[in-house]
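The values are calculated or read from the model by the stated rules, or taken from the named source; none is laboratory data. What you see is a predicted model, and the numbers here were worked out from it, not measured in a lab. Cβ atoms come from the backbone with ideal geometry, glycine included; neighbour counts cover every protein chain shown.
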Amino acid sequence: MQRRSFIQLIAITAASFGMLASTTASADVLADVQKAGVLKVAVPQDFPPFGTVGTDLKPRGYDIDMANLIAGDLGVKVELIPVTSTNRIPYLTTGKANLVISSLGKNPDRAKVIDFSDAYAPFFNGVFGPADTKVAKPADLAGKVLGVTRGSVEDLELTKIAPADLTIKRFEDNNATISAYLTGQVQLVATGNVVAAAVNDMTKLRRLDAKFLIKNSPCYVGVAKGEGALMAKVNAIIAKAKSDGRLEAISQKWLQQPLPKDL
């Protein structure tokens, strides 16, 4: 019995040290970043306006500006790591990146694997149209003609809330939907804010101003599980950037839209 108790004591002690070592290693990421002077951030490379490669072959976009902002407030340099939608979370969980800033939405499955900061960027489907068209809610669409891409999320969601006398014209892809708007075939469109921003960046023919939101799915910074210190620091930086106008400037620069008041 004494031998068994001794072995059990050793096992418990070893497990406790293992848990402590794991916790300590996990909690040291912020300190490690500050010590190394480099923040490794996974960013998109093929999803404008959040992340793409410019004509100078350098990464550019909303998420790149956000990565630079966080690194600057931490007082360290930033190392941008291009990722895809499929490998961005594994890069974080395996330690190849300290943060993921890659138009990352929150859902229950992802929340089991990583943690999420406060929202830093709007990502939503909504109704868009000319600035002088007074539409602020679904009821205001009465008597209007609206274009939407057939079978899209915005098509399905809009159908649930549209007034009976709204004329909906459905098109087979985003290009056809936007073309119908630009040529005056429809007064308004239901689409994503990223699509609207890309159109506004390409042409000033008929600017797409946001009217109201259909479905909201903002972007968050991905942080590895257990990184409480790093999470707190990132959230503090996001809050400061909201209050001092820096996030507003980034949104206006890349999305040509103000930050939603409830972001």
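Listing for the model above:
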| item | result |
| --- | --- |
| Within the stretch 87-146, tally of residues that are under 19 Å from the mean Cα position of the chain (by Cα) and in a loop (DSSP other than H, G, I, E, B) | 10 |
| Sole residue being of a type in the set (D, E, K, R), buried (at least 17 other Cβ atoms within 10 Å of the Cβ) and within 30 Å of Gly95 (Cβ to Cβ), chosen from Glu154, Glu227 | Glu227 |
| Qualifying residue in the stretch 150-170 (condition: modelled with pLDDT under 95, outside the structural domain of Arg246 (by TED's automatic domain parsing) and part of a strand (DSSP E or B)) | no |
| Qualifying residue in the stretch 88-110 (condition: of a type in the set (Asp, Glu) and in contact (Cβ under 8 Å) with a residue 12 or more places away in the chain) | no |
| Residue in the stretch 1-12 that is surrounded by 11 or more Cβ atoms within 10 Å (Cβ to Cβ) and either assigned to a helix (DSSP H, G or I) or at pLDDT 50 or above (or both) present | no |
| Qualifying position, being on the phi < 0 side of the Ramachandran plot and touching a residue at least 24 places away in the same chain (Cβ under 8 Å), among Val199, Val153 | Val153 |
